[in-house]
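Structure, as structure tokens:
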Amino acid sequence: MSESPLARRDLDGIRVLTVSRPDKLNALDSATLDALHAAFDQAAEDASVRVVVLTGAGPKAFVAGADIAEMADLRPTEGRDFSLRGQRLMRRIETLPKPVIGMLNGFALGGGLELAMACHLRIAADTARLGQPEISLGLIPGFGGTQRLPRLAGRAATLELCLLGAPISAERALQLGIVNRVVAADELEAETMKVAAQLAQAAPLALRGALDAVNVGGECGIEEGLQYESAQFGLMFSTDDMREGTRAFLERRKPVFSGR
Ligand code: COA
């Protein structure tokens with residue numbers, strides 16, 4: 001039996017998913033895309049999972065892109081299907097009803113940057129390199145990069161990354177708004193798990209409401225987005241967690257959220 005391209009471990013409500021093809025710098029072939037999709041489906045359904053951390057195995061790469069060996073001989077319709085398969089995964093992650101943190105431990109190139117951009121938060125090692133180098137293969141980004149990068153970093157930076165293809169440093173990615181934080185490589189895991197632990201303690205229905213409002217609001221006009229926000233805000237008043245959170249504040253104690 002071939003080894004699974006994805007490792008999974010759980011710790012106090014935090015599910016850590018690790019893309020595990022280090023000898024191929026964790027490149028995304030079809031089997032890895034499918035394993036990731038199944039893993040995110042499971043994480044969505046498992047109430048014990050409050051937050052997901054996504055990373056890559058080995059010291060060198062988060063994910064160095066879609067698998068070039070698998071793509072090399074594809075025909076046009078197969079290329080489109082491969083793109084759609086990747087896009088479906090990214091959308092699955094982006095619309096997950098719980099937060100996903102991308103822990104960028106090295107190269108996040110092509111499909112690797114697209115995977116990172118589908119996460120809700122990104123924390124990068126100062127040694128990470130990010131880019132959309134598809135142009136050097138005679139390709140363009142196909143897992144959502146042309147759509148998510150401008151939403152994060154604007155048109156100028158997107159065109160620079162996609163047209164020139166050169167990777168950028170984690171620090172530059174931070175300036176461009178592509179990542180949320182940059183930390184020393186040897187502190188990456190501890191820092192990321194600290195953020196994950198905070199999210200694992202937060203009110204899950206409020207996290208979900210915020211994720212939904214940002215996702216829906218990002219795709220519609222301001223009026224519709226604001227209405228959606230109000231509806232989500234109102235919905236929070238039906239939760240035990242909202243009562244607990246407001247009471248705990250007034251009673252000067254730490255809230256304990258139940259997820260109801
Ligand atoms: N797809 C398939 N295999 C990949 C890969 C990818 N996207 N990225 C790296 N690999 C493989 C290499 O082929 C090599 O395999 P091998 O040892 O069997 O020959 C192995 O991973 C190590 O990569 P290597 O290129 O030797 O490492 P490096 O340190 O010299 O360079 C990179 C690292 C990331 C600069 C380089 O691997 C690279 O440019 N990768 C492709 C990035 C890319 O274009 N991604 C977008 C794809 S659409």
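The values are calculated or read from the model by the stated rules, or taken from the named source; none is laboratory data. All of these numbers come straight from a predicted model, not from anything done at the bench. Virtual Cβ from ideal backbone geometry, glycine too; neighbours counted across all protein chains shown. For accessibility, only protein heavy atoms count, side chains too; no ligands or nucleic acids. Shrake-Rupley method; radii C 1.70, N 1.55, O 1.52, S 1.80 Å.
Extension gain, LEU163-GLN201: 0.36 nm per intervening residue step, less the Cα-Cα distance, totals 9.5 nm.
Only loop residues by DSSP count here, and only those with at most 15 other Cβ atoms within 10 Å; note down the chymotrypsin sites (Phe, Trp or Tyr not before Pro) in the range 170-239 that meet that.
PHE237
Net charge of the neighbourhood of SER30, taken over other residues with C-beta under 9 Å away and scored Lys/Arg +1, Asp/Glu -1, is -3. Distance from the C-alpha centroid of the range 226-245 to that of the range 1-40: 34 Å, rounded to the whole angstrom. What FRET efficiency would be calculated for the residue pair THR246, LEU152, taking the C-beta separation as r and a Förster radius of 30 Å, to the nearest 0.05? E(calc), rounded to 0.05, equals 0.35.
By its C-alpha gyration tensor, with a ≥ b ≥ c as the square roots of the eigenvalues, how is the range 113-228 shaped: rounded for a/c under 1.5, else prolate for a/b larger than b/c, else oblate? It comes out oblate by the Cα gyration axes. Relative to the longest principal axis of the Cα atoms of the chain, the long axis of helix 76-94 lies at roughly 20 degrees. Histogrammed with a bin width of 5 Å, the alpha carbon distances of the chain distribute as 1, 6, 12, 17, 18, 17, 12, 8, 5, 2, 1, 0, 0 percent, first bin at zero. Here the range 204-250 has an Rg and Dmax of 12.0, 36 Å, counting Cα atoms alone. Farthest toward the positive end of the dipole of the range 1-155, out of ALA72, PRO5, LEU54, is the Cα of LEU54, where the dipole comes from beta carbon charges about the Cα centre. Under a model in which nothing but the beta-carbon of Lys, Arg (+1) and Asp, Glu (-1) is charged, the chain shows a dipole of about 480 debye around its Cα centre.
What does the convex hull of the Cα atoms of the range 11-144 come to per residue, in Å³, rounded to a whole number?
Spelled out: Cα convex hull of the range 11-144, divided by residues, is 95 Å³.
Straightening the chain between LEU226 and ALA184 buys 11.3 nm, computed as 0.36 nm per residue apart minus the Cα-Cα spacing. Summing charges over neighbours of ALA173, with a neighbour being any other residue whose Cβ is under 10 Å away from its Cβ, gives +2 when K and R count +1 and D and E count -1. Heavy-atom accessible area per residue, the chain, 1.4 Å probe: how many Å²? I get 52 Å² per residue for this part. Put one equal scatterer on each alpha carbon of the range 5-77, apply the Debye formula with no solvent term, and list log10 I(q)/I(0) at q = 0.20 1/Å to two decimals. Log10 I(q)/I(0), no solvent term: -0.83.
Taking Cβ atoms as reference points and 15 Å as the exclusive limit, the residues near CYS220 contribute a net charge of -4, counting Lys and Arg as +1 and Asp and Glu as -1. Here the chain exposes an accessible surface that is 55 percent carbon and sulfur, computed with a 1.4 Å probe and the other protein chains kept in place. Scanning the chain for GluC sites (Glu not before Pro) lying in DSSP loops with no more than 16 further Cβ atoms inside 10 Å, the longest uninterrupted stretch between such sites is 4-218.
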